[in-house]
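The values are calculated or read from the model by the stated rules, or taken from the named source; none is laboratory data. Keep in mind it's a predicted model, so treat the numbers as computed, not measured. Cβ atoms come from the backbone with ideal geometry, glycine included; neighbour counts cover every protein chain shown.
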């Protein structure tokens, strides 16, 4: 796989993150004062691309931005981070925007206005076939239309690329799309959404949850558990992967840091558990600094002692 021109091609969202910190979140109908507004590059797709590129990956991005000032800013940021942006398409209208509120504990709440991301289409996938077939791993999320995600997964799988799909924001997947995931990456809430009321979800997520997710059809599964690490499972093994301890400053984009790092390590030949152990270190490093992409570490910063 490493002989391909790109380690990772990310197909997904590119957003401007508009961030405000608050001492406490407002109740319905209540107004609270927050910090000055900060604008950061974001979007789950772009975040994952930058996370992989910072670590040294050869990364390209396929997505859409608006023909507004946010679009210029987002494309320029990706380029400066070393991500190939020739397939980031300019679209009439607004770029995607995420409205992020960060509480005193570092946890966040997010509302996403998709903007140009909603126009990334199956035709765009067809036009980018040479890019997708040049990747060892194609990384996908759900801030773009699901038919587009499925089209990208089909092209990637046909070309022998590994398909990494992050079920965020959570949505129902067809059996065909689930069967192409290797791995399906979910957090606790996304796992519960996918498993639904038919499953006994008592207790903390663990190997039992991972096996239940595997039974839905993906080739492999990763359940991210924040400070508790991750559970990884394929057809033969289930393993709990720990996370380094970290005092959280801002958890925005930490899951994307994990998935970007996971995709890159899979692309260069790691097995799933080894890639997840590395990705857990990257995710832990990301929560120690503010912002999403700005918090992502370099390879030297997460090297094992």
Count of segment 93-128 residues which are assigned to a loop (DSSP other than H, G, I, E, B) and out of contact with any helix residue (DSSP H, G or I) (no Cβ under 9 Å at 6 or more places or on another chain):
6
Say whether the condition of being under 13 Å from residue 141 (Cα atoms) and not in a loop (DSSP other than H, G, I, E, B) is met by at least one residue in segment 239-256.
yes
So which residues in segment 1-21 are more than 17 Å from residue 76 (Cα to Cα), surrounded by 14 or more Cβ atoms within 10 Å (Cβ to Cβ) and modelled with pLDDT under 95?
1, 4, 5, 18, 19, 20, 21
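Got a sec? Which of 131, 177 is crowded, with 19+ Cβ neighbours inside 10 Å, in contact with a helix residue (DSSP H, G or I) (Cβ under 6 Å, 6 or more places away or on another chain), modelled with pLDDT of 95 or more and not in a loop (DSSP other than H, G, I, E, B)?
177
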Residues of segment 23-56 classified as within 25 Å of the chain's Cα centre (by Cα) and farther than 15 Å from residue 139 by Cα, total
9
So which of 285, 210 ends up being closer than 24 Å to residue 169 by Cα, in contact with a helix residue (DSSP H, G or I) (Cβ under 7 Å, 6 or more places away or on another chain) and either touching a residue at least 60 places away in the same chain (Cβ under 8 Å) or in a helix (DSSP H, G or I) (or both)?
285
Within the group 183, 170, which residue is modelled with pLDDT of 90 or more, within 20 Å of the chain's Cα centre (by Cα) and surrounded by fewer than 16 Cβ atoms within 10 Å (Cβ to Cβ)?
170
Extreme residue, farthest from residue 106 (Cα to Cα), among residues of segment 217-233 that are at pLDDT below 95 and out of contact with any strand residue (DSSP E or B) (no Cβ under 8 Å at 6 or more places or on another chain)
228
Filtering segment 150-167 down to residues that are crowded, with 19+ Cβ neighbours inside 10 Å and in a loop (DSSP other than H, G, I, E, B) yields 161, 167
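So that you can scan it fast, the table gives a plain yes or no per residue for (1) within 21 Å of residue 296 (Cα to Cα); (2) without any contact (Cβ under 8 Å) to a residue 12 or more places away in the chain:
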residue	(1), (2)
16	yes, no
19	yes, no
23	no, no
55	yes, no
60	yes, no
74	yes, no
79	yes, yes
90	no, no
93	no, no
Test: residue 239 is surrounded by fewer than 22 Cβ atoms within 10 Å (Cβ to Cβ), touching a helix residue (DSSP H, G or I) at 6+ places or on another chain (Cβ under 6 Å) and more than 13 Å from residue 52 (Cβ to Cβ):
yes
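For (1) within 17 Å of residue 51 (Cβ to Cβ); (2) in contact (Cβ under 8 Å) with a residue 60 or more places away in the chain; (3) within 19 Å of the chain's Cα centre (by Cα), each residue gets a yes or a no:
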{"residue": "244", "(1), (2), (3)": "yes, no, no"}
{"residue": "251", "(1), (2), (3)": "yes, yes, yes"}
{"residue": "264", "(1), (2), (3)": "yes, yes, yes"}
{"residue": "274", "(1), (2), (3)": "no, no, yes"}
